[in-house]
Structure formats: structure tokens, C-alpha cells
Amino acid sequence: MEVVSEVTPTCGARDDVWIPSTCGLCYGTCSILAHRVDEVLIKLEGNPDSAVGKGRLCGKGVSGLMTHYDPNRVRVPLRRTNPVKGIGIDPGWKEISWDEALDEVAERLRKLRAEDPRKLFIQRTTTVTSSRTPMQVFAGAFGTPNRSSAGGGLHCGNGAHLISGIMHASWSVVPDFQYCNYAVYFGASKGHGAGHASCSNMGMAADARARGMKMVVVDPMCNFAAAKATEWVPLRVGTDAALALAMCNVMVNELGIFDAPYLRAKTNAAYLIGPDKLYMRDVASGKPLVWDSSVNEARAYDAAKPDDMALEGDFTVNGVSCRPAFQLLKTHLARFTPEWAEPITTIPAKDIRRLGTEFGHEARVGSTIVIEGVTVPYRPVAAIAFRGSQGHMNSVYNFLAVDLLNQLVGSADMAGGCLGFNPASHGHPETGRPRYIPKPGPDGLMVTGSWMAHHVPYPIREPRLPEELGMQDLFVLCQTSPFSDSADREEMWKKFELPYRPEILLNYGTNLLMSIANRETVAKSLTQFKFIVSFDLFLTESSEFADIVLPDCDYLESVDSRPNFPFIFSLPGGMGEWCWPIKQPTVKPEGEQRRSSEVLIELADRIGMREDLNAAYNAILKLEGPFRLQSDRKYSYEEVCDAELKTNFGAERGLEWFKNNGLIKWPKKPEEVYWRHFVDVRVPIYWEFLPQLGEKIAALAEPRGLKIPRHYYEPLPDWIPCPAHDDPGSDRDLFAFYYRDIIHTNSFTMENPWLDEAARLDPFSYTIAMNAETGRRKGIEDGDEVWIESRAGRRVKGIVHLTEAVHPEGLGIAACAGHWGDGMPIAKGKGVFFNDLLELDFDHVSPVNLNLDLCVKVKVTRAKGARR
Amino acid sequence: MRWGMAIDLKRCIGCYGCQLSCKAEHGTPPGVFFARVLKQEEGRYPTVRQLFLPVLCFHCDDPPCVDVCPTEASFKWPDGVVDIDAEKCVGCRACMMACPYTQRYYHDEEQFYFPGNGPTPYERARSQRHEAGVVMKCNFCRDRVRAGKQPACVANCPAIARYFGDLDDPTSEVSRLIKDRGGYTLHPELGTGPAVYYLPP
Amino acid sequence: MIVNVRLFGILGILANQRLVAFEMESGATVGDVLAELEKRFGREFVDRIFRVPGEMHSYCQVFVNDAQVNGLETKLKSNGSPAEVGIILLMASEGG
């Protein structure tokens, strides 16, 4: 096979080159080669030189040219002429010049900034990772704390990323495919669909299956990961924590399996807890105490040897009776018997007991393995969770309960276990950059070495009356908030005395109307902005609410010095190579599109915040020495990229070097991949800070009339039903849920005609998956058109596909489809708009991290008219 | 020398990478697929399995499509690849009737993926070369293979589930995989001798 | 020594001043600079910088003579010309 790893003219005089760059069809950002002949892109392939995708692309990635060359792309700046905004209302677009557009946007932003910079709300799609840095920089320079990643964040981020951050110092978790023997997936599809390091993981997961890794997939639907599983475990939607807690109980209390040395050295399991649920603390230092069995007295956690720390027992310290956190956990788990979990999850108790037993035994607690000459603990089991299991009101406990499986057997970031994506890096051998390693923070608990922004998940902030319109400064464990769009946002802002209201929305590519919840609620919030400017590739349903639309360049026309950095996001985990590719322009835009990164620099200049922008770039890209941006100079984005690359890889390896070479890579070391064995940090199996946090939030919220349910703020995870589980409606007997389709990214790719064609031929992509027996019981046949209706009376229509591969109580709906606008004509009318069933208010989000609950109890009725 | 393929159903995850990388390589018109992924359920809830079955032309040893072609447009190369000479094809579609695997497509008229917009620059470069009024099918990416590359669907498969090589060479990777893993063909009872084998899930 | 403090983003707007210059004892630290800013701009101003007393927010980025620093204990250096301190808050969180 021919390997092309740099810009390679494949013949003489014609323009005929393969250009190394980065895919932009989802946030997985796999490395690509773009084949250009006579100024036309004719093929995209994976870049075999790269560790990101390893030369292979998914169906979306290979179809990128049909998005790129879509004639429906926005080509010129547009201004609305119709002041009335609403769903289906024609904005009366008028083409305007870039100068006119930028003048108006800059003038409005300049005035707003002088008045109150917090009134600017910045929103960006998760699909385009290259927008992350420019948008963070712009927000920091402008001075607004208000930023959101729309549905992408609210649906998956707040549980999966927060807890992966606190427990694994990474954005997400994955089995160590090279060494794992037994992986349990809870509502996750790593290696079997889209997502972080998607194509790399597909190959690594297939290797693992071929090697004999057992894969148990807990999911209401048998597709993708479940289809490839050794065992599919269907469960009632949203009850993952009940299963995970029962498995933990089987291991700890029935079998006595746990990794005591790991728990003592790497977690807070030995910390003594008093009757007030708080740590017992050393009077002098304030540090948490442990019971040192070698001297039979309490000592600060860092003054005792881990081997001497008691995990079990009752102790008295200074007259106060206390117990190690592990003892509390053990006692707490005892109530979660398999028999208790069976009626909640619908999984037979004998299967739950077997799964817990298998996980415990396969963990091989106490064993080690030598990898590249380095001895590390060998724990070849992993419990993985992602959006499906954490997308509920019980988001925090659900994810934490699953991760407890890893923590109890010591498989967190150990060989064969549950890995964060690259939480520790020693840097390139020549420059030592980028270097980051998790470190101990307050109470010895782990602070991430790297994060996607500057709000690290731990230590947590002190709740205060909100200054952020998403109120993340009150609900401090929230990353993406519902309150930028929710039905109760004004009520919340009033309650909490938000001192301003948002006025301008700077939108980058999100289609909020489709990606968050029911469109009626979101539309109402959008109409309340005085001015909306939107960078778009297409006129989406949400662009119709904009005042000015700026036509963006797509990924094949843009530059980005860090498409796969931070490494905790989509660089494959496990042993292998560090790899830093770039994204570079492969063709010029066909219309007047401009790169948003450059437009933001131009806007900053017109607003008069050039110095702030350059300072923010220096801070966020960690530019150093001669490559730091000077305060008073205006830089192009390519110059900024050049500065970052030279800072990290030396003056000789700037943007031009990377444009020619595509990427730089170097081998990973076991000390980096299995960092936890080598770094003295602890993670909390007992979330001591949670009850206190609940009290602090309640102290602000309850006098203002918002009840904070404290049972969500306990230090040990529990199973709490979703609103859907408590819905008493007798004719609402099914749980509707959505899942990520393997050929679609959010609401974006239905417009790609190749992907749309494939989705139309797929039995599931555009249909509602209903259990065949359930269908027969209801007199619904395959191909019937049905209404599904929520308690709140929200209805969506779709075609039923009867299948054996879904839980009898579940209704599975793929992706974020159901476009109705004319700006994306291929996408229009395709698939089912699940999100329209979702309520968006405090009562439907986790009261801890504000993650939206994504399951809905529904009634299904046949729509009138003939069968399809 | 006989080109053949093995598709490992244990590795395949139904991502459509083959179907779409084939489309990207050849610029096939709407509705025409040289490679596809089919989904099939086996069993009843909860012991159901979902099977992903990637299909393409099986390049039969004794291809019924070649036998029935009245103009010799359908033919077999000496290396076993079944191909169509578009110059000779009159579009009678007898071959489509004959193919037991329904892996041939009739390109009835020129059409593009954005209705009413004409061809995109990509389609001008890659799709307009396909003549209308003829039958089309997979030829194991003949141009790529002659240039020393693997077929697009093989080179791209992110799960590394497809293998391509010489079935006549018992030491080739594809021959060894078929032997070691008990590779099988679809509808062997028809006696067509497919060159595409499946390795069991 | 003379210390030039450059306030970026929201801090510059709140202080209504981008550049603050003052005299400090040699051996002064970042913590001393923040104490001086509190004197000039009030408690509320520096409250934005601290997560808890004595510990800055992770999103507060401080530079001394163009080098990023992590703690309040970092000493300023002047070398004849004024010591340069830059502060920016990168408050916007990331999700999804």
C-alpha cells in the first residue's frame, strides 16, 4: 500500500497533490489526506502516518467532500430584513458585504463591551473542535464568562466529562484495548461508533475482540457496541446505577474482592469519616486523617504509610467515633443486592450476580505485568460509561457508580483497565512540551494535568450568587447549562438576582433549536436576544433567528495548529504514539466565505481589544519566549498557529514545516500511559465535598425559593429514579431515548447526500426502533407512522421499525434528525426529532451538574392514514 | 492468480466506511453502490444478535452474469476479476437478472446528488465519467490495484475487517485467514464460486 | 522596583484601567501585587481572582515578565526595567 505522508505532487505539471490535514465531520478529528487535482478535491483518505485514525476513516469522514461541495452552503454575509423572528418565519435575507457586516457586528459588540461584557453570550458547536480555541480566546478577551456548547454539552458533558475529570484526569474513559480482557459498557459505544478517537478506537476495539476480550454491553438497544458484544444486557432506560451498584455489592460484600493496596494509596478510601459525613481532620494541619494500624492512632493521610492505613473498622478519634470511607462504602453497598436491582433494571438477579462475579475475578487483583521493561499493576477489566448512562437527572451517581467498579478493583488507569485519554504527558523528547501530569490538590485529591478549558473539575469552586447566566458559578459542578435557554431561565435569573440579561448571541455553527430540547422553549429564548450573529456553513433552523449570518470556511478551507490537543480529548488512549497533527487549507473557498478564526481577530481589532486578544492567545496556547504574541501587533491566525507550533516543537518546526509534514509523533512511555501507578495522587471514592456543596448551594437557593434536593448530594452514589420512571400515566408505557447513530453527527450530517442516502437505506437511522413483541401487543406494524407523546403533551411523528434488538419498554431514536428548514434541503424531513420531546427547566436536569434528563415516558399511537 | 477478499464479521462494526469510501473512490451515481452494508437480526429478544453484512460483487469463478451477457460486455479478467466494458454494454440488464447476489446496478440516466443544482465540482471530476444506460458494478478497484494499492474499501476499513489478496497463493494472508477461520461464501450451493469470503462473527 | 500590571479582559474593564503601575519592595510576590490591587480596586475586584482565600481560580492566568506562573509566592524580578505582570481571567467553561 502506498503511504503518502507529506504534500506529494503525484505527477508533473498539473496540480495533483495529497495534503495532510484533519477531518471535520465530527469532533473525533481523525487525520486525513486530501487529494486535490486541478484545484478540485477528488478524494479524502485517512493519513496512515497518523496515530489519530491510523489511515482509516469512518463513513462520515470519507463523505466529507459532499458536505464541502454542497451548493447549499452559505457563501456571502447575510442580513435579515424582517425584524420579526420565529420558527418558520422568513428572515428576508439580504446579501451584504463583509465590511458592512463586520462594521455592524463590531459596533454593537464595542458598545456592549463598554456597557457590560457579560451581556455577550458565546455558543459553539462541539462538532468543530477548531472553533474551541478562537472562541475561548475571544470570550476571555471580551470579558464574558458566558459560553456554551449547546446540546453537545448539556446532553453528554456534565456527567461524563466532569467525573472522568475528577476520577481519571481526562475528558472521557476507554478500555485499555491492548490489554483489557473484560469490558462492561454502560450506554457507551467507544470503538463502535463516533466519538473521541473514533476511528483509532474502532481498530483497537476490533483487535481486542479478535484477541478474545469479553465485552458486556449494558444498553436498552442492541446496536453498534451491543451488536459486537459477547453479551448484550438490555436494561430499563436510565437504571444503570442500580446495576453498577449491585455489581459493586456482589464484589465487595459477597465475594470480598477489592484492591486494598490501591484503595489505600490511590483513593480516599482510608480517610476517616465522622458522623457529620465529613473528614476527620488533623487539628494542626487541617489534613484528613487515616487510621494508622502500625501505631494504632489517627494520622494525617500523608503521614502514614498506605500499607498501614485501615480500610475497615470503627475508630474513635478525640472522642468522636468515625470509620474509614471504605467501611462506609461497604456498608452502603450492602443494600444494593441483585434481588433489589432486578425489578428496577429488569435484569435477572442471577445475571447481575454473575456479571459482578466475572468482573471481580477477571480483575486479577494483585497481579502485575511488564510493559516495555516497566512493571505496572495488571487489572484487565474496565467499566465504561458515556452519554447514555449519564444523561439523566441522576447523572452524577450513575457515572460514579459505574466508575466505582474500576476503583474497587484498582483498574483505573492501570494496564488493561479503564483509562482516561492520555492524562499525563512528558512532552516531545526534544522540547519537553507539552508536559502535564495530574497533581494532588486540596485534601490530596487529584487535579487534572490538562483540561479543555481553565475550569478544572477539581478543586471545585465556592458557590455564589450567579454572575454567569448559566449559573455555573452557583451550580459549580455544571459545565454546560440549561439556563441559557430554559423555560424557567428568567424566573431563575430573577430568583438569583442576575445583575444583567444577555443581549447579543455570538453563535458558531450550533443549531440550538434542534440540539437542546423542545424547539418552542429554545425559540422563545432566541427571540429575546437583541442581536444574534451566527457563523454558519448552512442556514440552519436556528440561523433563521440571526440578524447577521457570516459564511464560514469549512474544515478543508481552514487552519488549526492543535486539532488533537489537548490530548485528553481524541488522541487514542493506551500505548502507542503521541501524535500532533495540524489542519491546513486544502482549497480556497468557492464563495466569499472567510475563516471564523480570522474574522474573530478582525472583530477584536475593530472593537479595540487587540491587546486582550493577544494576551488570551498567549495564555491559552501557553506561548513562550520569542514566540509570545506582542501586545500591539495584529496577527493573522496562521501566525498564531505558527507561534504555538514553534513554542512546542522548536523554531524550525513552525506552520510551514507542519504543512509539509502534516504531523509530528513520538512514542508513549508506560510511565505516561499508566501514570497513576507512578504519581502520588488520590481520587475520591467518597465524595466528601458533595454534602457540603449541597448545603452551600441550598443556603443561597432555598431562601430564594428553590429547593435543593439533598439526596442528590450524598457522598456515596445511589440510584434515584428519573422523572420518566415516576410518571404515573398508564397509557404512557414506553421510555423514549435517543442514541448516536454511526453515520450521523449531531444535526449536521443529514444534509450530506451520501450519508443521507445510507441512512435512508439503514433500518434504524431514520426510524423509531420498537420491540417487535411490544408492537404486536399494540397493533403496530413495521413501517407504521406513529405519534409519540410526552406527559407535557409534546408530540413527534415517525416511522416505526419493529425489531428484536430493543428493550420491550424502550423506544430508540437515532441522532438529532427531523430538520424542517429550507437551508438544508437534503436533511429536511428526514428522521425523527427526538429532542422536541424534552422539557428544559430545573425540574428536568440533575440538581447537581444540571445535565438534562434524556429519557421520556411516552404514549405511542398510530398516526391517521394508510400504512407506509 | 485470483484476486479475492475476506471480510471478518467479528471485526466489522457496520460503520458504512466501506460503502461510503467506495462511493468516494468511484463517484457512483445516486442509488448505485459497488459496496453496501446490510443489517440483519438473528434470534428473539433478549438473545438477539445484530449482524452487519458488508456485500459487494463476489467476483464468481463461474459468473452467471458473464454467461448471459449478449454482447460480451461482462467479462472476467485472467486474474479472476469480473468487470464490465461500458463500451460494449447495451443496458439490457440480463446480467442483473442472472446475478444471484444482486450486486449489479443499472445507471439509467445522468443524475447528481443535489437535485436541481447540476454536478458539484467533485461530481464533475469523478461522476460524470460514468456513462448512462449501462450496468455498473464493483471491479475490485482495478485502477487502484494496478497502481499497487488495495481496493478503497479494504484500505479504509477502520475496523480492519477486510483483507485482499491472491486466493491461488496458499500463503497469502487472505488464503490463510479463510483456511484458519473457516471462511465461507454466500450461497455456495449455487456453484458460482465467489471470491469473497466471510470469516464468522 | 516599579511594577507594571496589565489587566486584560474583564479585569481591565472593571478597573477601568488597562495598565496599573506602582512601586513595590524588592522581593515582592504575585500575592503582594494582588493585595495592592485590592487596595486600589476593592475586595470585589480581587474576589474574582480567588477560588478561596490564598488560592487563585484555575482560570486566572498570571504572567510575570512574560512567563506563566502558578502560585502567589512567585517573586517579581525587575532587572532595571519595571517588572511586568499580566493578569487575565479565562472564565468561560468548556463542555461537550
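The values are calculated or read from the model by the stated rules, or taken from the named source; none is laboratory data. This is a predicted model, so every value here is computed, not measured. Positions of Cβ are generated from backbone atoms using ideal geometry, with glycine treated the same way; all protein chains shown enter the neighbour counts.
Structure notes:
- Considering region B:1-30, the residues that are facing another protein chain (nearest Cβ under 9 Å) and surrounded by fewer than 19 Cβ atoms within 10 Å (Cβ to Cβ) include one that is farthest from residue B:173 (Cα to Cα), namely B:30.
- Pick from region A:701-746, criterion among the small types (Gly, Ala, Ser), closer than 18 Å to residue A:808 by Cα and assigned to a loop (DSSP other than H, G, I, E, B), ranking: modelled with the lowest pLDDT: A:729
- In region A:456-476, residue nearest to the chain's Cα centre (by Cα) [restricted to those that are among the aliphatic types (A, V, I, L, M) and within 11 Å of chain C (Cβ to nearest Cβ)]: A:456
- Residue within region A:811-832 that is modelled with pLDDT under 95 and not in a strand (DSSP E or B) present: yes
- Taking strands (runs of 3 or more DSSP E) as the structural unit, those lying wholly within region A:8-79 and holding at least 3 residues that are within 30 Å of the chain's Cα centre (by Cα), buried (at least 21 other Cβ atoms within 10 Å of the Cβ) and within 11 Å of chain B (Cβ to nearest Cβ) correspond to A:40-46.
- Check on residue A:698, of a type in the set (Gly, Ala, Ser) and either surrounded by 21 or more Cβ atoms within 10 Å (Cβ to Cβ) or in a loop (DSSP other than H, G, I, E, B) (or both): no
- Residue match in region C:36-52 (condition: closer than 22 Å to residue A:618 by Cα and part of a loop (DSSP other than H, G, I, E, B)): yes
- Residue list for region A:605-644, filter: in contact with a Lys or Arg (Cβ under 6 Å, 6 or more places away or on another chain) and among the aliphatic types (A, V, I, L, M): A:607
- Scanning region A:785-810 for residues that are assigned to a strand (DSSP E or B) and more than 14 Å from chain B (Cβ to nearest Cβ) yields A:785, A:786, A:787, A:788, A:789, A:790, A:795, A:796, A:797, A:798, A:799, A:800.
- Any hit, region B:7-20, residues being on the phi > 0 side of the Ramachandran plot, of a type in the set (Ser, Thr, Tyr) and out of contact with any Ser or Thr (no Cβ under 7 Å at 6 or more places or on another chain): yes
- The single condition among (1) surrounded by fewer than 24 Cβ atoms within 10 Å (Cβ to Cβ); (2) not in a helix (DSSP H, G or I) that residue A:550 does not meet is (1).
- Extreme residue, surrounded by the most Cβ atoms within 10 Å (Cβ to Cβ), among residues of region A:815-868 that are touching an Asp or Glu at 6+ places or on another chain (Cβ under 9 Å), closer than 30 Å to residue A:710 by Cα and among the β-branched types (Val, Ile, Thr): A:856
- Residues considered: A:73, A:124, A:108, A:79. Of these, the only one that is more than 30 Å from residue A:467 (Cβ to Cβ) and touching a strand residue (DSSP E or B) at 6+ places or on another chain (Cβ under 7 Å) is A:79.
- Selection from region A:440-455 of residues that are closer than 16 Å to residue A:267 by Cβ and more than 10 Å from every other protein chain (Cβ to nearest Cβ): A:440, A:443, A:444, A:445, A:446
- Screening residue A:512 against (1) under 23 Å from residue C:10 (Cα atoms); (2) surrounded by 20 or more Cβ atoms within 10 Å (Cβ to Cβ) leaves a single unmet condition, (1).
- Counted residues, region B:31-52 - those being surrounded by fewer than 17 Cβ atoms within 10 Å (Cβ to Cβ) and more than 7 Å from every other protein chain (Cβ to nearest Cβ): 6
- For residue A:597, the criteria (1) of a type in the set (S, T, N, Q); (2) under 20 Å from residue C:18 (Cα atoms); (3) surrounded by 22 or more Cβ atoms within 10 Å (Cβ to Cβ) hold in every case but one, which is (2).
- Test: residue in region A:557-577 that is out of contact with any Phe, Trp or Tyr (no Cβ under 9 Å at 6 or more places or on another chain), farther than 30 Å from residue A:666 by Cβ and surrounded by fewer than 24 Cβ atoms within 10 Å (Cβ to Cβ): no
Yes/no per residue for (1) over 30 Å from residue A:306 (Cα atoms); (2) in contact with a strand residue (DSSP E or B) (Cβ under 8 Å, 6 or more places away or on another chain):
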{"residue": "A:672", "(1), (2)": "no, yes"}
{"residue": "A:676", "(1), (2)": "no, yes"}
{"residue": "A:680", "(1), (2)": "no, yes"}
{"residue": "A:686", "(1), (2)": "no, yes"}
{"residue": "A:689", "(1), (2)": "no, no"}
{"residue": "A:692", "(1), (2)": "no, no"}
{"residue": "A:702", "(1), (2)": "yes, no"}
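- Taken across region C:62-72, residues that are within 12 Å of chain A (Cβ to nearest Cβ), crowded, with 19+ Cβ neighbours inside 10 Å, assigned to a strand (DSSP E or B) and under 14 Å from the mean Cα position of the chain (by Cα) do occur, with at least one present.
- Meets criteria (among the charged types (D, E, K, R), within 14 Å of chain C (Cβ to nearest Cβ), buried (at least 22 other Cβ atoms within 10 Å of the Cβ) and on the phi < 0 side of the Ramachandran plot) for residue A:612: yes
- Summed over region A:752-781, residues that are outside any loop (DSSP other than H, G, I, E, B) and more than 10 Å from every other protein chain (Cβ to nearest Cβ) total 8.
- Helices (runs of 4 or more DSSP H) wholly inside region A:112-229 that include at least 1 residues being more than 24 Å from residue B:8 (Cα to Cα): A:132-142, A:150-168
- Taken together, A:667, A:684 contain a single residue that is surrounded by fewer than 18 Cβ atoms within 10 Å (Cβ to Cβ), modelled with pLDDT of 95 or more and not charged (D, E, K, R), which is A:667.
- Number of residues in region B:80-133 that are outside any loop (DSSP other than H, G, I, E, B) and either surrounded by fewer than 20 Cβ atoms within 10 Å (Cβ to Cβ) or within 14 Å of chain A (Cβ to nearest Cβ) (or both) equals 13.
- Among residues of region A:414-426, those that are out of contact with any Pro (no Cβ under 6 Å at 6 or more places or on another chain) and part of a loop (DSSP other than H, G, I, E, B), counted: 5
- Filtered by the rule that a residue be within 14 Å of another protein chain (Cβ to nearest Cβ) and assigned to a loop (DSSP other than H, G, I, E, B), region C:1-35 gives C:8, C:16, C:17, C:18.
- Residues that are of a type in the set (S, T, N, Q) and either surrounded by fewer than 24 Cβ atoms within 10 Å (Cβ to Cβ) or more than 9 Å from chain C (Cβ to nearest Cβ) (or both) within region A:152-166 comprise just one, A:164.
- Selection status of residue A:598, modelled with pLDDT of 95 or more and either outside any helix (DSSP H, G or I) or under 28 Å from the mean Cα position of the chain (by Cα) (or both): yes
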